[in-house]
Amino acid sequence: MPEDYGILWVWLSIACGAGSRSADLLLDNFGSSIRDIYEAGEEDYRQIPELPRRTAEKLCGKSLRAAQEVVAFCRNEGVGIITPDSPLYPARLGRIMNRPLVLYYRGILRDLEPEVCIAEVGTRDMSEYGSHSAYSVAYDLAKAGAVVVSGMAKGIDGMAHRGALDAGGYTVAVLGNGIDRAYPSEHIGLMNEITGNGIVLTEFRPFTAPAGHNFPLRNRIISGLSQGTVVIEAPVSSGALITAKYAEEQGRDVFALPGKVGEYNSSGTNRLIRDGAKIITRAADILLEYQPLYGNKINLNNIPSIKAQAVRSPVSLKAASPIPGFSGKAIKEKAARDAAKRSEETMISGAEPNDCRSAGEEPAAPGTKSPETGRIPVREPVGNAPDAAGSGTGIPSDLPEEQKRILSVIYEKKQATSDDIVRETGLPVGEVLAALTMLELTDMITALPGGAYSR
């Protein structure tokens with residue numbers, strides 16, 4: 001590509017603006033020829049019916065000075081420029097509406113087309129449950145070989161990048177401002193880490209401030225780079241739901257981690273689940289969707305059997321101490337202490353330290369080994385009797401098995417906490433949380449003060 005073509009792409013991006021429909025109209029009309037777009041005249045532009053008059057006027061100004069200044073800055077500062085005619089322009093972005101004309105980047109540029117890319121997003125004002133979950137899911141995604149994509153914002157985004165980096169994975173940060181600055185400013189260290197083992201990119205030219213209207217535009221790139229988007233924790237007003245909406249419009253998968261019904265930070269994720277998002281309780285739930293097509297890229301065996309951070313319920317986390325700082329080292333040290341404590345409790349009680357069954361998987365009969373794990377269950381789960389969902393219990397027979405077992409506990413005890421249910425059924429806490437959410441959404445149970453549930 002001749003050197004001036006990069007300048008022409010920057011010129012066009014300045015004239016059209018970020019996230020503009022005008023770019024698609026021009027590329028479609030001129031056969032993606034940037035030279036033809038630049039050399040066209042006012043009459044040529046006006047023949048495109050939907051092209052705004054203001055954009056046509058800007059295109060008639062052929063000065064390249066601003067574009068040349070941008071390219072010179074990038075060259076001097078070691079900032080790369082990717083344009084749609086570059087072989088490393090992300091192919092998935094080329095298939096979305098309002099594709100970015102220019103991507104400015106720092107870091108390690110890779111071809112993302114053959115990779116499994118998962119966007120992980122959520123609220124800036126995360127709870128401890130959200131923090132642990134974001135880190136755990138990202139860590140396991142990266143360990144298994146997926147690329148974690150997020151927005152480097154405070155909260156869930158930052159924890160997603162942190163988890164991916166600590167797992168030694170490749171992560172992509174998409175900014176809502178120019179490549180010359182970190183936003184928020186306290187993420188400058190995180191940004192530098194990402195450029196060392198991933199990439200930071202943006203469609204906004206250098207010196208663009210992080211204005212509020214930039215972030216919804218940024219979100220379409222986060223989802224556009226990814227086969228799937230998972231929302232970890234978000235209220236209904238969160239920008240993370242904009243990312244999920246873009247993912248749906250782009251024909252990509254949408255996943256959500258359930259939270260406690262009635263809690264502000266879970267209102268958005270629970271609504272996504274109600275509206276059809278795929279419910280997840282662990283990274284493997286996401287990866288299993290792509291393993292058949294990307295078996296050479298994804299290896300679930302690389303996910304630790306006892307995770308660095310378990311996805312725990314909000315009830316369980318209330319008694320946990322806050323994460324000491326934002327460093328992955330501190331998080332992993334706390335995880336090691338928690339794992340050691342669980343192992344000690346297991347040795348005393350004889351219970352299993354971690355139940356790794358997939359959602360909906362039946363437990364092995366007492367005294368027999370599971371064909372996958374070789375472990376012997378230590379108790380008969382509640383609700384496993386042949387008549388557990390019989391006509392006399394009031395439990396619908398068409399419910400998923402784990403929901404029947406949970407209802408059996410609640411009906412027997414009159415009311416029960418999630419900890420009670422985990423203890424009585426032997427189900428993993430993530431599955432219990434997911435099932436409780438679905439049962440509340442369908443009015444099968446009611447949440448009570450203090451974290452208990454009743455009929």
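Can you give the FRET efficiency to the nearest 0.05 for Glu186 and Glu42, using r as the Cβ-Cβ distance and R₀ = 56 Å?
Values: r = 47 Å, r/R0 = 0.85.
Efficiency at R0 = 56 Å is approximately 0.75.
What is the gain in length, in nm to one decimal, between Thr195 and Glu50 on full extension, counting 0.36 nm per residue of separation less the C-alpha to C-alpha distance? Mind dumping the intermediate values first?
Numbers: separation 145, 0.36 × 145 = 52.20 nm, distance 3.91 nm.
Contour length minus Cα-Cα distance gives 48.3 nm.
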Could you please state, rounded to a whole Å, how far the C-alpha centre of the range 108-177 is from the C-alpha centre of the range 219-291?
-> 14 Å
With 5 Å bins from 0: P(r) over the range 3-77, alpha-carbon pairs, percent = 3, 16, 29, 26, 14, 7, 3, 1, 0
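Could you give the length gained by full extension between Gln415 and Ser237, i.e. 0.36 nm per residue of separation minus their alpha carbon distance, to one decimal place? Could you put the intermediate results ahead of the total?
Working: separation 178, 0.36 × 178 = 64.08 nm, distance 3.19 nm.
Difference between extended and current length: 60.9 nm.
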Amide H contacts under 5 Å for Val116, placed H, 5+ residues apart | Val147
Over the range 117-302, how many percent of alpha carbon pairs lie in each 10 Å bin up to the one with the longest distance?
-> 11, 42, 37, 11, 0
Give the peptides 188-200, 114-126 in descending order of average Cβ contacts within 10 Å, highest first.
-> 114-126, 188-200
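Checking the table Lys260/Lys297; Lys260/Lys404; Lys62/Lys154; Lys154/Lys245; Lys143/Lys278; Lys154/Lys413 against a 30 Å threshold on Cα-Cα, which pairs fail?
Lys260/Lys297; Lys62/Lys154; Lys154/Lys413
What FRET efficiency comes out for Arg21 versus Asp85 if R0 is 25 angstrom and r is the Cβ-Cβ distance? Round to the nearest 0.05. Don't jump to the answer; show the numbers that get you there.
Working: r = 20 Å, r/R0 = 0.80.
Once the sixth-power term is evaluated, E becomes 0.80.
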Could you work out the mean projected area of the convex hull around the alpha carbons of the range 85-183, in square nanometres to one decimal?
-> 6.8 nm²
At Lys278 and Asp28, where each label point lies 7 Å from the Cα along Cα→Cβ, what is the point-to-point distance in nanometres?
-> 3.0 nm
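Where a number appears in this text, it was derived from the coordinates with a stated rule and is not lab data. Since the structure is predicted, the reported quantities are computational estimates derived from the model, not experimental observations. So basically every Cβ, Gly included, is an ideal-geometry build from the backbone, and we count neighbours across all protein chains shown.
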